[in-house]
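Some notes on the structure that comes next.
The values are calculated or read from the model by the stated rules, or taken from the named source; none is laboratory data. Model, not experiment: these values are computed from the prediction. Please note: Cβ atoms are built from the backbone with ideal geometry, for glycine as well, and neighbour counts cover all protein chains shown.
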There are 2 protein chains.
Amino acid sequence: MSTDFPELNPPARILLGPGPSNVHPRVYRAMMAPVIGYLDPQFLQLLDDTQSPLRAVFRTENDLTIPISGTGTLGMEAAVYNVVEPGDTVVVCVNGFFGTRIADMAGRCGAKVVSVKAEWGSVIEPEPVEAALRANPGTKVVCIVHAETSTGILQPLEEIARIAHEHGALLLVDAVTSLTGCELRADEWGLDVVYSATQKCLSAPPGMAPVTFSPQAADVINARRVPCASFYVDVTMLRAYYGEARRYHHTPPMTMLYALREALRIAVEEGLEPRILRHRRHAEALWAGAEAIGLTLHVARPEHRAPPITTVRVPDGIDEMIVRQGLLAEHNIEIGAGFGELQGKVWRIGLMGYASTAQNVLALLHALETQLSRQGFRLDKGAGVAAASRLLNTA
Amino acid sequence: MSTDFPELNPPARILLGPGPSNVHPRVYRAMMAPVIGYLDPQFLQLLDDTQSPLRAVFRTENDLTIPISGTGTLGMEAAVYNVVEPGDTVVVCVNGFFGTRIADMAGRCGAKVVSVKAEWGSVIEPEPVEAALRANPGTKVVCIVHAETSTGILQPLEEIARIAHEHGALLLVDAVTSLTGCELRADEWGLDVVYSATQKCLSAPPGMAPVTFSPQAADVINARRVPCASFYVDVTMLRAYYGEARRYHHTPPMTMLYALREALRIAVEEGLEPRILRHRRHAEALWAGAEAIGLTLHVARPEHRAPPITTVRVPDGIDEMIVRQGLLAEHNIEIGAGFGELQGKVWRIGLMGYASTAQNVLALLHALETQLSRQGFRLDKGAGVAAASRLLNTA
């Protein structure tokens with residue numbers, strides 16, 4: 001048995017892909033805390049402790065703000081399934097992979113799905129959303145992705161929230177890649193349902209999906225005609241455990257809650273604004289460096305780029321997979337491939353949470369230069385790291 | 001901030017409740033392995049590594065044997081939602097809390113649910129199951145719980161599997177509390193869908209739910225008319241990631257997979273048969289000790305008791321909550337309360353995985369004697385530990 005099932009020994013990578021990102025050392029340490037029972041007074045205290053920083057990172061006062069016991073896709077399921085029921089009309093903004101996924105889920109809930117489409121790499125404009133709402137009176141929810149991990153787009157939300165509310169609809173937002181890495185103001189911007197995940201800018205392992213529901217979203221949930229299609233993420237039951245009743249619903253993953261708690265503690269200690277600025281500063285250095293190498297960023301306008309996830313076009317004549325394999329094998333760096341409409345066309349470079357550092361920007365640019373040169377790509381060696389370094393020094 | 005959000009410091013309890021059980025030290029260590037990407041060749045190797053021991057503990061050759069990315073209740077949802085679709089007839093055996101929950105889930109999938117009921121503390125007999133199948137021709141699935149954590153019942157399965165198959169139905173089994181703690185033979189007994197969890201007899205933290213589908217169950221899934229009501233646990237997509245295609249579906253919780261892998265490795269090293277015997281030996285010592293104290297076991301017939309979870313009746317005149325609070329505060333031992341129909345009537349004592357030890361049996365009996373005496377319960381001090389000790393010495 002020992003030969004085919006040896007001790008686990010995965011390498012310590014530099015994770016600059018679309019997630020998971022590198023886990024903060026303090027989060028690893030927190031996960032060593034002993035597992036205790038889900039009704040242990042000390043565990044219930046931990047649940048209460050986590051509420052306030054969870055609301056802080058979403059910038060919300062929403063009472064119904066809880067971590068869902070799964071990874072980001074289950075957060076999406078919790079968000080969609082709790083507010084959507086059979087026969088509802090749902091407008092889904094689709095300009096990347098995760099918008100497509102929201103539409104799939106809304107369909108499984110029995111909704112009539114109206115898609116508002118844009119190119120993979122463009123933002124969703126307010127006008128077609130308004131047109132879709134005018135054409136579909138009684139629409140219950142508008143769904144949109146804040147930072148599209150598949151395209152690198154950072155989506156403006158305030159105007160679309162205003163339009164959704166004017167038409168009596170909720171706004172549901174995917175903040176998986178943006179939470180604590182981009183400006184996100186749930187209450188001020190009027191976001192009704194927002195979900196995220198632990199393995200992106202929070203720098204904990206994947207395993208929990210924080211989600212928050214506005215009072216308006218809670219009203220919609222309270223007025224459901226049929227129960228939530230999923231039992232596991234039904235917040236009408238979850239709130240009886242996370243709230244005062246402490247009624248058993250399912251055993252939560254204690255170790256992942258320990259990780260989330262420590263990740264939130266680190267984020268609150270750093271401060272949300274400095275943390276968001278850090279993500280932007282390092283992303284801007286990456287963008288400058290990539291352009292100095294001679295690469296093109298897929299999202300043309302800087303204000304539409306999500307700092308935690310940058311899409312870089314694969315130059316003509318370059319085998320994108322060999323570049324990624326070289327980065328992993330020789331530099332121990334993971335970056336992501338494009339997929340869906342962008343398969344083979346872009347690389348996806350994450351600078352998230354603990355991994356958003358000047359050192360990682362320089363290490364990646366250096367490694368990229370090495371790998372691209374080897375495939376005959378003409379570049380001025382050192383130009384990328386120099387451009388990045390100049391920006392980082394002025395910060 | 002530091003005062004209301006201090007460093008996490010939960011106590012190291014002796015966990016003898018219905019789960020989570022104590023995590024094996026080697027599993028804690030495995031969770032310190034660095035998180036890496038979900039398409040990293042080393043991570044994919046880990047997924048492959050885990051397949052063989054996962055099949056071994058279920059005693060199955062089923063190709064479709066994967067860990068679901070959530071806790072036990074999500075395993076239940078994965079099992080039920082993948083084989084049940086709107087309009088199906090489902091027979092659910094209900095003799096405890098988790099049978100009730102399966103019925104709830106099947107209802108959310110749009111099934112016609114036929115309940116076969118028995119007392120909370122009795123097994124389900126084959127005859128009423130057969131009667132239900134005769135009365136409902138075309139029934140698609142029979143659902144049943146192997147070790148009912150709410151009652152302590154160990155359910156015989158072979159005869160009911162035979163009957164289900166005779167009527168063209170699948171047998172779906174909840175093995176959350178029985179996996180590696182009780183004899184369980186998926187293939188030999190004809191179990192079509194079996195799910196479990198990591199935090200019981202596997203002694204990893206909660207966070208993954210192993211599930212296995214027989215070829216017959218896979219055929220049912222392949223023949224679905226509508227997609228699985230849940231996206232997150234849709235095995236038609238999950239198998240494209242866990243299988244050779246390696247198509248992204250969701251980011252799995254790496255750390256929990258590391259934990260599961262190490263827990264499986266420990267179980268395989270111990271050997272399934274010795275491990276199951278260990279659970280039985282320590283449970284029998286607990287039963288003898290509890291009876292020597294003067295307590296009554298809720299499940300009368302020993303062959304119907306699930307060794308990992310024992311229900312003990314609360315004697316007249318004893319405040320069950322004060323006993324539990326005393327165990328926790330003075331002895332650092334957690335046991336569980338009764339709930340549902342057994343609320344206030346029983347305690348639930350778990351001896352699961354790493355926590356199924358002679359030391360824990362003696363520690364609990366000693367502590368129980370102390371707490372019961374304090375409430376005026378008349379007992380012969382030391383009789384419980386003596387009875388248990390005698391049995392343990394002959395082992």
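Mind checking which residues of region A:24-38 are out of contact with any helix residue (DSSP H, G or I) (no Cβ under 7 Å at 6 or more places or on another chain) and either more than 7 Å from every other protein chain (Cβ to nearest Cβ) or crowded, with 21+ Cβ neighbours inside 10 Å (or both)? Step through it out loud before you land on a result.
Residues of region A:24-38 out of contact with any helix residue (DSSP H, G or I) (no Cβ under 7 Å at 6 or more places or on another chain): A:25, A:28-29, A:34, A:38.
Of everything in region A:24-38, those that are out of contact with any helix residue (DSSP H, G or I) (no Cβ under 7 Å at 6 or more places or on another chain) and either more than 7 Å from every other protein chain (Cβ to nearest Cβ) or crowded, with 21+ Cβ neighbours inside 10 Å (or both) turn out to be A:Pro25, A:Arg29, A:Tyr38.
Does A:Glu262 satisfy the condition of being surrounded by fewer than 23 Cβ atoms within 10 Å (Cβ to Cβ) and farther than 19 Å from A:Leu74 by Cα?
Working: surrounded by fewer than 23 Cβ atoms within 10 Å (Cβ to Cβ): no; farther than 19 Å from A:Leu74 by Cα: yes.
It is false that A:Glu262 is surrounded by fewer than 23 Cβ atoms within 10 Å (Cβ to Cβ) and farther than 19 Å from A:Leu74 by Cα.
Taking the conditions exactly as written (farther than 30 Å from A:Phe43 by Cα and either within 14 Å of chain A (Cβ to nearest Cβ) or of a type in the set (Gly, Ala, Ser) (or both)), does B:Ala209 satisfy them or not? Walk me through it before giving the result.
Details: farther than 30 Å from A:Phe43 by Cα: no; either within 14 Å of chain A (Cβ to nearest Cβ) or of a type in the set (Gly, Ala, Ser) (or both): yes.
For B:Ala209, the condition - farther than 30 Å from A:Phe43 by Cα and either within 14 Å of chain A (Cβ to nearest Cβ) or of a type in the set (Gly, Ala, Ser) (or both) - is not met.
B:Glu273 is checked against (1) under 18 Å from B:Ala388 (Cβ atoms); (2) assigned to a helix (DSSP H, G or I) and fails just one. What number does that condition carry?
With (1) under 18 Å from B:Ala388 (Cβ atoms); (2) assigned to a helix (DSSP H, G or I) applied to B:Glu273, the lone miss is (1).
Restricting to region B:175-196, name every residue that is closer than 15 Å to B:Thr50 by Cβ and in contact with a strand residue (DSSP E or B) (Cβ under 9 Å, 6 or more places away or on another chain).
Taking region B:175-196 as the starting set, the residues that turn out to be closer than 15 Å to B:Thr50 by Cβ are B:179-180, B:196.
Of everything in region B:175-196, those that are closer than 15 Å to B:Thr50 by Cβ and in contact with a strand residue (DSSP E or B) (Cβ under 9 Å, 6 or more places away or on another chain) turn out to be B:Leu179, B:Ser196.
Residue by residue, here is whether (1) among the polar types (S, T, N, Q); (2) within 29 Å of B:Ser69 (Cα to Cα) holds:
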{"position": "B:Gly87", "(1), (2)": "no, yes"}
{"position": "B:Gly107", "(1), (2)": "no, yes"}
{"position": "B:Pro126", "(1), (2)": "no, no"}
{"position": "B:Ala131", "(1), (2)": "no, no"}
{"position": "B:Gln155", "(1), (2)": "yes, yes"}
{"position": "B:Val193", "(1), (2)": "no, yes"}
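Return yes or no: is A:Arg348 at pLDDT 95 or above, surrounded by fewer than 20 Cβ atoms within 10 Å (Cβ to Cβ) and touching a strand residue (DSSP E or B) at 6+ places or on another chain (Cβ under 6 Å)? Give the steps one after another, and end with the answer.
Details: at pLDDT 95 or above: yes; surrounded by fewer than 20 Cβ atoms within 10 Å (Cβ to Cβ): no; touching a strand residue (DSSP E or B) at 6+ places or on another chain (Cβ under 6 Å): yes.
Criteria not met by A:Arg348.
Conditions tested, residue by residue: (1) touching a Lys or Arg at 6+ places or on another chain (Cβ under 8 Å); (2) closer than 24 Å to A:Pro308 by Cα; (3) touching a residue at least 24 places away in the same chain (Cβ under 8 Å); (4) not acidic (Asp, Glu).
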| residue | (1), (2), (3), (4) |
| --- | --- |
| A:Gln199 | no, yes, yes, yes |
| A:Ala209 | no, yes, yes, yes |
| A:Ala218 | no, no, yes, yes |
| A:Ile221 | no, no, yes, yes |
| A:Cys228 | yes, no, yes, yes |
| A:His249 | no, no, no, yes |
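Are there any pairs, at least 6 apart or on different chains, whose C-beta atoms fall under 8 Å, with the first in region A:14-29 and in a helix (DSSP H, G or I) and the second surrounded by 24 or more Cβ atoms within 10 Å (Cβ to Cβ) and among the hydroxyl-bearing types (Ser, Thr, Tyr), and if so, which?
That search, which allows pairs on different chains as well, returns A:Val27/A:Ser203.
For the subset of region A:1-23 comprising residues that are under 27 Å from A:Tyr195 (Cβ atoms) and of a type in the set (A, V, I, L, M), which member is farthest from the other protein chains (Cβ to nearest Cβ)?
To start, the set of residues in region A:1-23 that are under 27 Å from A:Tyr195 (Cβ atoms) comprises A:13, A:15-23.
Going one step further and asking which of them are of a type in the set (A, V, I, L, M), we end up with A:15-16, A:23.
Details: A:Leu15: 6, A:Leu16: 10, A:Val23: 5 Å.
Among those that are under 27 Å from A:Tyr195 (Cβ atoms) and of a type in the set (A, V, I, L, M), it is A:Leu16.
Kindly establish whether A:Thr65 is closer than 24 Å to A:Gly350 by Cα and polar (S, T, N, Q).
Values: closer than 24 Å to A:Gly350 by Cα: no; polar (S, T, N, Q): yes.
So A:Thr65 does not fit the description; no.
Taking region A:86-133 as the search range and keeping residues that are among the small types (Gly, Ala, Ser) and not in a helix (DSSP H, G or I), which one is nearest to the other protein chains (Cβ to nearest Cβ)? It would help to see each step written out before you state the result.
Within region A:86-133, the subset among the small types (Gly, Ala, Ser) is A:87, A:96, A:99, A:103, A:106-107, A:110-111, A:115, A:118, A:121-122, A:131-132.
Within this subset, residues satisfying the condition of being not in a helix (DSSP H, G or I) are A:87, A:96, A:110-111, A:115, A:118, A:121-122.
On the way: A:Gly87: 14, A:Gly96: 13, A:Gly110: 9, A:Ala111: 13, A:Ser115: 17, A:Ala118: 22, A:Gly121: 19, A:Ser122: 23 Å.
That would be A:Gly110.
Taking the residues in region A:39-85 that are of a type in the set (Ser, Thr, Tyr) and facing another protein chain (nearest Cβ under 10 Å) as candidates, determine which candidate is farthest from B:Met254 (Cα to Cα). Spell out the reasoning first.
The initial filter retains those residues of region A:39-85 that are of a type in the set (Ser, Thr, Tyr), namely A:50, A:52, A:60, A:65, A:69, A:71, A:73, A:81.
The next check asks that each one be facing another protein chain (nearest Cβ under 10 Å); those that pass are A:50, A:52, A:69, A:71, A:73, A:81.
Values: A:Thr50: 22, A:Ser52: 27, A:Ser69: 14, A:Thr71: 10, A:Thr73: 15, A:Tyr81: 25 Å.
Taking the candidates together, the pick is A:Ser52.
Within region B:45-57, can you find the residues that are modelled with pLDDT of 95 or more and in contact with a Lys or Arg (Cβ under 8 Å, 6 or more places away or on another chain)?
So the first thing to find is which residues in region B:45-57 are modelled with pLDDT of 95 or more, and the list is B:53-57.
B:Pro53 - this is the single residue of region B:45-57 that is modelled with pLDDT of 95 or more and in contact with a Lys or Arg (Cβ under 8 Å, 6 or more places away or on another chain).
Name every residue in region A:178-200 that is touching a Leu at 6+ places or on another chain (Cβ under 7 Å), surrounded by 24 or more Cβ atoms within 10 Å (Cβ to Cβ) and more than 14 Å from every other protein chain (Cβ to nearest Cβ), in order of residue number.
Scanning region A:178-200 gives A:Ser178, A:Leu179, A:Thr180, A:Leu191, A:Asp192, A:Val193.
When the residues of region B:307-335 are narrowed to those that are within 26 Å of the chain's Cα centre (by Cα) and without any contact (Cβ under 8 Å) to a residue 40 or more places away in the chain, which ends up surrounded by the most Cβ atoms within 10 Å (Cβ to Cβ)?
Here is the first cut: in region B:307-335, the residues within 26 Å of the chain's Cα centre (by Cα) are B:307-314, B:320-321, B:323-325, B:327-328, B:331-335.
With the extra rule that they be without any contact (Cβ under 8 Å) to a residue 40 or more places away in the chain, the set shrinks to B:312-314, B:320-321, B:324-325.
Numbers: B:Val312: 24, B:Arg313: 18, B:Val314: 20, B:Glu320: 20, B:Met321: 11, B:Arg324: 19, B:Gln325: 13.
Per the criteria, the residue is B:Val312.
Please state which one of B:Leu342, B:Leu327 is within 14 Å of another protein chain (Cβ to nearest Cβ) and closer than 17 Å to A:Gly37 by Cβ.
Working: B:Leu342 fails: closer than 17 Å to A:Gly37 by Cβ.
Criteria check complete, one pass: B:Leu327.
May I ask you to list the residues in region A:214-238 that are facing chain B (nearest Cβ under 9 Å), of a type in the set (A, V, I, L, M, F, W, C) and surrounded by 14 or more Cβ atoms within 10 Å (Cβ to Cβ)?
Narrowing region A:214-238 to residues facing chain B (nearest Cβ under 9 Å): A:226-234.
Restricting the remaining residues to those that are of a type in the set (A, V, I, L, M, F, W, C) gives A:226, A:228-229, A:231, A:233.
Scanning region A:214-238 gives A:Cys228, A:Ala229, A:Phe231, A:Val233.
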